[in-house]
Amino acid sequence: MEKQILVVDDSPTIRSSVSFCLRNAGYKVQEAKDGQDALDQLEEMKKNGEMPVLILTDINMPVMDGLTFISKVKETSFKYLPILVLTTESEKDVIAKGKKAGAAGWLIKPFHPEQLLWAIKKLIFTTAR
Ligand SMILES: [Mg+2]
């Protein structure tokens with residue numbers, strides 16, 4: 001079965017370039033445009049009995065930002081999913097907050113496909129049940 005990844009970013013350009021890279025690597029991709037949209041989609045996936053293997057999220061987004069989104073995910077049945085952050089945010093404080101909220105990894109944009117795929121593979125492998 002294809003491994004599914006939820007990609008959360010408010011930029012359609014980032015979403016499509018990241019999705020392109022992930023689909024090329026054989027992953028099934030679902031896209032969300034902000035934290036709230038992503039939570040709604042996770043709820044929908046739960047209803048359909050789907051379980052992504054990883055969440056890739058941006059930090060700076062309207063409606064619900066990435067830090068809030070990460071802490072909300074940790075209150076759901078998806079709390080054990082690895083969450084990888086892909087952001088322009090390189091402030092140590094923000095990274096610390098993200099890690100505290102439950103982010104498993106942190107990549108700074110612009111993303112390099114090989115680096116992204118390696119980080120994803122490593123996180124999925126580490127958290128495989
Ligand atoms: Mg953004």
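Bear in mind that the values in this text are calculations on the coordinates, not laboratory data. The model shown is predicted, which means the values in this text are computed figures rather than measured ones. Neighbour counts run over all protein chains shown; Cβ positions are idealised from the backbone, glycine included.
Taking 0.36 nm per residue of sequence separation and removing the Cα-Cα distance, the Phe125/Arg23 pair yields an extension gain of 34.9 nm. Among all helices in the chain defined by DSSP H, which have a length of 20 Å or more along the axis from Cα atoms plus a Kyte-Doolittle mean of at least 0.5? Going by DSSP H runs, there are no hits.
Calculate log10 I(q)/I(0) of segment 59-115 for q = 0.15, 0.27 Å⁻¹, where I(q) comes from the Debye formula with a single equal point scatterer on each Cα and nothing for solvent. The Cα Debye sum returns log10 ratios of -0.42, -1.16. One quarter of the convex hull surface built on the alpha carbon atoms of the chain amounts to 7.2 nm², the projected area averaged over directions. Each of Lys99 and Lys47 was given a label point 7 Å from its Cα along the Cα-to-Cβ line. The distance between the two points is 3.8 nm. Placing +1 on each Lys and Arg Cβ and -1 on each Asp and Glu Cβ, with no other charges, gives segment 44-105 a dipole about its Cα centre of roughly 300 debye.
Considering only Ser11, Phe125, Gly26, and ranking their Cα positions along the charge dipole of segment 1-128 that arises from unit charges at the beta-carbon of Lys, Arg, Asp and Glu, the one farthest toward the positive end is Phe125. Each stretch of four or more DSSP H residues adds -39500 (n - 2.57); spread over every residue of the chain, this sum gives -14000 deg cm²/dmol at 222 nm. Annotation: amide H of Thr57 within the under-5 Å range of Val8, Leu84, Val85, Leu86, sequence separation 5 or more or interchain, hydrogens built in the peptide plane.
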